[in-house]
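Remarks on the structure that follows.
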Amino acid sequence: MTAIPFASAERLHLVTEEWPSLIDNTDAGPEGILWEISRDVLTSLGYEVTLEFVPWKRALRMVLTGERDGIVGIGFTEERAARLRYPKETLLLSETVVVSRKSRYVVYTGPESLTGLQVGISPGYSYYGAIRDAKNFERVAMPGIDSGLQMLMLGRIDAMLSNHYVVMAEAKRLGMSEDIFVSDVPISSGPVYLAFSLDVPEAFVVEFSKALERYKQANLITELPSSGL
């Protein structure tokens, strides 16, 4: 179903995939800091906001085709920037790490340290260049972070790539916090955005970016909150 034309819309239809503790799909509705920031800023601009949770590849496709107005929690690439409208201001900064079993831990020092391993990845996610192009390890698709952790514990994968905060929160929920090892060196660290469909006017995206900057300054938001773990 095609979203209503932006010029006449009083409601913005956003989409994303669940990131435990950052953006959660609960019985009471969406929760988590990425949702709260997006909702609060857009509401301050006079828009009613809805959020739909679907697998990441589908979420991205829905925004690229104009079926939805924006996607929450997306990283920046030049390829995506040619097909989406990115605000200047980021939602938060995100860190992607290598997670392994504590009983057979992997110390990540670079792509070469994953040689010969089966590594869980999230389909549709964009990893940084050296990891994206590396041929020295096998990529295994994970349906989600929770299933990736289960695969890790069962020995079906040797390691997995995930947002640090998300994987620690999910491991805590599953009672696995003491069973996993997170390498000190991240594979990447960078910003995540609320990016919009090309159907959304550039003037609105500029307005949103300015409002987001004001919101973050008022709430002292500069990076992802510490997991405390």
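The values are calculated or read from the model by the stated rules, or taken from the named source; none is laboratory data. Just so we're clear, the structure is a prediction, and the values are computed from it rather than from any experiment. Positions of Cβ are generated from backbone atoms using ideal geometry, with glycine treated the same way; all protein chains shown enter the neighbour counts. We work out accessible area using only protein heavy atoms, side chains counted, and drop any ligands, DNA or RNA first. Shrake-Rupley method; radii C 1.70, N 1.55, O 1.52, S 1.80 Å.
Report yes if some residue within the stretch 150-158 is farther than 20 Å from residue 20 by Cα, of a type in the set (Val, Ile, Thr) and open to solvent by less than 50 Å² (accessible area, probe 1.4 Å); otherwise report no.
Yes, the stretch 150-158 has at least one match.
Could you please let me know if residue 115 is among the polar types (S, T, N, Q), touching a residue at least 40 places away in the same chain (Cβ under 8 Å) and surrounded by fewer than 19 Cβ atoms within 10 Å (Cβ to Cβ)?
no
Open to solvent by less than 20 Å² (accessible area, probe 1.4 Å), under 19 Å from residue 122 (Cβ atoms) and among the β-branched types (Val, Ile, Thr): does that describe residue 37? Full working, then the answer.
On the way: open to solvent by less than 20 Å² (accessible area, probe 1.4 Å): yes; under 19 Å from residue 122 (Cβ atoms): no; among the β-branched types (Val, Ile, Thr): yes.
Against the criterion (open to solvent by less than 20 Å² (accessible area, probe 1.4 Å), under 19 Å from residue 122 (Cβ atoms) and among the β-branched types (Val, Ile, Thr)), residue 37 does not qualify.
Please verify whether the stretch 5-27 includes one or more residues that are at negative phi, modelled with pLDDT under 95 and in contact with a Lys or Arg (Cβ under 8 Å, 6 or more places away or on another chain).
Yes, the stretch 5-27 contains a residue that is at negative phi, modelled with pLDDT under 95 and in contact with a Lys or Arg (Cβ under 8 Å, 6 or more places away or on another chain).
Hey, among the residues in the stretch 204-228 that are among the hydrophobic types (A, V, I, L, M, F, W, C), in a loop (DSSP other than H, G, I, E, B) and surrounded by 13 or more Cβ atoms within 10 Å (Cβ to Cβ), which one's modelled with the highest pLDDT? Give the steps one after another, and end with the answer.
To start, the set of residues in the stretch 204-228 that are among the hydrophobic types (A, V, I, L, M, F, W, C) comprises 204-206, 208, 211-212, 218, 220-221, 224.
Adding the requirement that they be in a loop (DSSP other than H, G, I, E, B) leaves 220-221, 224.
Among the residues that remain, those that are also surrounded by 13 or more Cβ atoms within 10 Å (Cβ to Cβ) are: 221, 224.
On the way: 221: 63, 224: 48.
It comes out as 221.
Might you check whether a residue that is open to solvent by 30 Å² or more (accessible area, probe 1.4 Å), touching a Lys or Arg at 6+ places or on another chain (Cβ under 8 Å), assigned to a helix (DSSP H, G or I) and within 23 Å of residue 80 (Cβ to Cβ) occurs anywhere in the stretch 182-202?
Yes, there is a match, as at least one residue in the stretch 182-202 is open to solvent by 30 Å² or more (accessible area, probe 1.4 Å), touching a Lys or Arg at 6+ places or on another chain (Cβ under 8 Å), assigned to a helix (DSSP H, G or I) and within 23 Å of residue 80 (Cβ to Cβ).
So which residues in the stretch 125-170 are hydroxyl-bearing (Ser, Thr, Tyr), in contact with a Leu (Cβ under 7 Å, 6 or more places away or on another chain) and part of a strand (DSSP E or B)?
If the condition is that a residue be hydroxyl-bearing (Ser, Thr, Tyr), in contact with a Leu (Cβ under 7 Å, 6 or more places away or on another chain) and part of a strand (DSSP E or B), then no residue fits.
If you scan the stretch 57-89, which residues turn out to be surrounded by 22 or more Cβ atoms within 10 Å (Cβ to Cβ) and part of a loop (DSSP other than H, G, I, E, B)?
68, 69, 84, 87, listed by residue number.
What are the pairs with Cβ atoms under 9 angstrom where one residue, in the stretch 28-52, is farther than 18 Å from residue 75 by Cα and in contact (Cβ under 8 Å) with a residue 40 or more places away in the chain and the other, located anywhere, is part of a strand (DSSP E or B) and open to solvent by less than 60 Å² (accessible area, probe 1.4 Å)? Sequence gap at least six, or different chains.
Between residues of the stretch 28-52 that are farther than 18 Å from residue 75 by Cα and in contact (Cβ under 8 Å) with a residue 40 or more places away in the chain and residues that are part of a strand (DSSP E or B) and open to solvent by less than 60 Å² (accessible area, probe 1.4 Å), the close pairs are 41/194; 42/12; 42/14; 42/49; 42/70; 42/194.
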